[in-house]
Amino acid sequence: MANTALPLMILAEQFAKLPGIGMKSAQRLAYHVMTMSDEEAKDFADAIINAHNKVKCCKVCENFTENELCPICNDDTRDHSTICVVEAPKDIAAFENTNEYHGVYHVLHGLLSPMDGITPDKIRIKQLLTRVGQGEASEVIMATNPTVEGEATAMYISKLLKPLGVKVTRLAFGLPVGAMLEYADKVTLYKALENRNEM
């Protein structure tokens, strides 16, 4: 992009900061934006700013929501005694698509990774401990991805939860190690949930 206009280069660099977007894809996206009408470009920019300004974390589970409580935490028909702990809000959608899980969630917003400077205080572990400490939960399902960081995070949290007298289980992964939950099919995810093991 050496001969490209500077604003277009800057736009491509911003797209490249998104996960899974390499520089070639970022350049394609930047060029695509240039084909938009002024109104479409404004709507696109407004949607980003609007989401950034209006979406916040649920005060109970840390999922993204527009309100104090997300729709799941606000639903009295859900089993609030079972908490499924996930890495990111996108993982909730994967479980909800199975139509088989009826408990609630807790979003960590990351996984422990001391090499990357992600220590326990950088993710939402304290909020989970406070929530479980209030006594409503009887089971906590550790549903982090089956990666080194996911396993380390699950083990670390389970050790903190055990003294609180809550049952801690881990998904029985019928998923390949290194796979991401968001890409799992419904049946595999349901089986992993159904065959979870106590930690």
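Structure note, pairs K42/K90; K122/K162; K42/K122; K54/K122; K24/K59: Cα-Cα distances above 31 angstrom occur for K42/K122; K24/K59. Relative to the longest principal axis of the Cα atoms of the chain, the long axis of helix 23-35 makes an angle of roughly 60 degrees. Across the stretch 11-31, the residues whose backbone nitrogen lies under 20 Å from the label position 7 Å along the beta-carbon direction of D43 are 29-31. Take every DSSP beta bridge whose two residues both sit in the chain; close to 30 percent of them are antiparallel. Taking the chain as a Gaussian network of alpha-carbon nodes connected by springs under 10 Å, the highest mean-square fluctuation of the residues D91, D43, D76 belongs to D43.
Report the charge-dipole magnitude of the chain in Debye, nearest 20, computed about the Cα centre from +1 at each Lys and Arg Cβ and -1 at each Asp and Glu Cβ.
Values: 20 positive and 26 negative charges, 121 e Å.
With Lys and Arg at +1 and Asp and Glu at -1, about 580 debye.
The base-10 log of I(q)/I(0) for the chain, evaluated at q = 0.11, 0.13 Å⁻¹, reads -0.62, -0.81 [Debye formula, identical scatterers on Cα atoms, solvent excluded].
For F44, the accessible surface of its heavy atoms amounts to roughly 90 Å² (probe 1.4 Å, protein chains only, rounded to the nearest 10).
Normalised radius of gyration (Cα atoms, divided by 2.2 N^0.38 Å) for the stretch 1-49: 1.13.
Ligands, DNA and RNA are left out, and with a 1.4 angstrom probe the accessible area of the stretch 1-139 is 63 Å² per residue.
What percentage of the solvent-accessible surface of the stretch 25-138, computed with a 1.4 Å probe over protein heavy atoms, is contributed by carbon and sulfur atoms? Walk me through the numbers on the way to the answer.
Numbers: 3560 of 6830 Å².
With neighbouring chains kept in place, the figure for the stretch 25-138 is 52 percent.
Where the only charges are on Cβ atoms (+1 Lys, Arg; -1 Asp, Glu), what is the dipole of the stretch 79-155 about its Cα centre, to the nearest 20 debye?
Working: 5 positive and 11 negative charges, 57 e Å.
For the stretch 79-155, the charge dipole is close to 280 debye.
The values are calculated or read from the model by the stated rules, or taken from the named source; none is laboratory data. Since we're looking at a predicted model, the values are computed, not measured. Cβ atoms come from the backbone with ideal geometry, glycine included; neighbour counts cover every protein chain shown. Heavy atoms of the whole protein, side chains included, go into the accessibility calculation; ligands, DNA and RNA do not. Shrake-Rupley method; radii C 1.70, N 1.55, O 1.52, S 1.80 Å.
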